[in-house]
1. Counting only residues that are without any contact (Cβ under 8 Å) to a residue 24 or more places away in the chain and either farther than 21 Å from Leu63 by Cβ or within 11 Å of the chain's Cα centre (by Cα) (or both), how many does the range 30-51 have?
2. Could you check how many residues of the range 88-131 are outside any loop (DSSP other than H, G, I, E, B), aliphatic (A, V, I, L, M) and closer than 18 Å to Leu26 by Cβ?
3. Here are the criteria: (1) under 24 Å from Leu11 (Cβ atoms); (2) loosely packed, with under 13 Cβ neighbours inside 10 Å; (3) of a type in the set (Gly, Ala, Ser). Tell me which single one Ser103 does not satisfy.
4. Is one or more of the residues making up the range 30-49 farther than 26 Å from Arg130 by Cβ and either surrounded by 12 or more Cβ atoms within 10 Å (Cβ to Cβ) or not hydroxyl-bearing (Ser, Thr, Tyr) (or both)?
5. With Leu64, Leu86 as the choices, which residue is farther than 24 Å from Ser115 by Cβ, touching a Pro at 6+ places or on another chain (Cβ under 8 Å) and modelled with pLDDT under 95?
6. Answer yes or no as to whether Thr77 is modelled with pLDDT of 90 or more, surrounded by fewer than 20 Cβ atoms within 10 Å (Cβ to Cβ) and β-branched (Val, Ile, Thr).
7. Filter the range 111-127 down to the residues that are surrounded by fewer than 16 Cβ atoms within 10 Å (Cβ to Cβ) and over 15 Å from the mean Cα position of the chain (by Cα) and list them by number.
8. Of all residues in the range 12-54 being of a type in the set (Phe, Trp, Tyr) and out of contact with any helix residue (DSSP H, G or I) (no Cβ under 7 Å at 6 or more places or on another chain), which is modelled with the lowest pLDDT?
Amino acid sequence: MRHPHRGEFVLALVVAVVASFFGMFLPMASHGALHNPFWEFTFGVGFGIADSFSGVLDLRSSLLLGCVVWPLLMFGTVWMGARRVLRSGGRGPAIFGGLFVLSLLVCIGQSAHNSLAVQVPLWWNEYASRW
């Protein structure tokens with residue numbers, strides 16, 4: 001017997017995996033040539049939070065928060081948000097899908113990424129500067 005929400009579960013999981021890839025691994029896969037500022041910022045905020053507790057957190061704790069805890073929280077948030085939108089019916093899933101695809105198309109090169117990374121915590125830059 002097939003579960004009635006299985007398709008929504010899997011599609012929401014795919015959305016979260018793709019968002020995570022664009023937020024954390026696209027620069028690695030493209031050898032640093034491509035960066036997605038929207039998703040890198042979404043996943044990089046954890047490093048910004050760690051920086052605000054720099055007097056309390058050591059390097060290992062900062063890496064744990066920025067590389068593991070925050071990305072897992074964002075993965076879960078994106079996944080649950082996508083599931084909620086997919087269950088909503090109507091135009092919501094189509095609008096969400098269009099906005100999600102648009103967010104994936106916003107990619108910049110290395111020089112623009114470096115200029116932006118001075119202003120906001122982008123995951124790849126923050127990871128590389130700590131590791």
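The values are calculated or read from the model by the stated rules, or taken from the named source; none is laboratory data. Please read all numbers here as calculations on a predicted model, not as lab measurements. Neighbour counts run over all protein chains shown; Cβ positions are idealised from the backbone, glycine included.
1. 2
2. Residues meeting the conditions: 9.
3. The number of the failed condition is (2).
4. no
5. Step by step, each of Leu64, Leu86 is checked, and only Leu86 is farther than 24 Å from Ser115 by Cβ, touching a Pro at 6+ places or on another chain (Cβ under 8 Å) and modelled with pLDDT under 95.
6. So Thr77 passes the test.
7. Taking the range 111-127 as the starting set, the residues that turn out to be surrounded by fewer than 16 Cβ atoms within 10 Å (Cβ to Cβ) are 111-112, 114-115, 118-120.
Correct list: Ser111, Ala112, Asn114, Ser115, Val118, Gln119.
8. At the first step, the residues of the range 12-54 found to be of a type in the set (Phe, Trp, Tyr) are 21-22, 25, 38-39, 41, 43, 47, 53.
Next cut, out of contact with any helix residue (DSSP H, G or I) (no Cβ under 7 Å at 6 or more places or on another chain) only: 21, 25, 41, 53.
On the way: Phe21: 97, Phe25: 94, Phe41: 95, Phe53: 86.
Applying the filter and picking the extreme gives Phe53.
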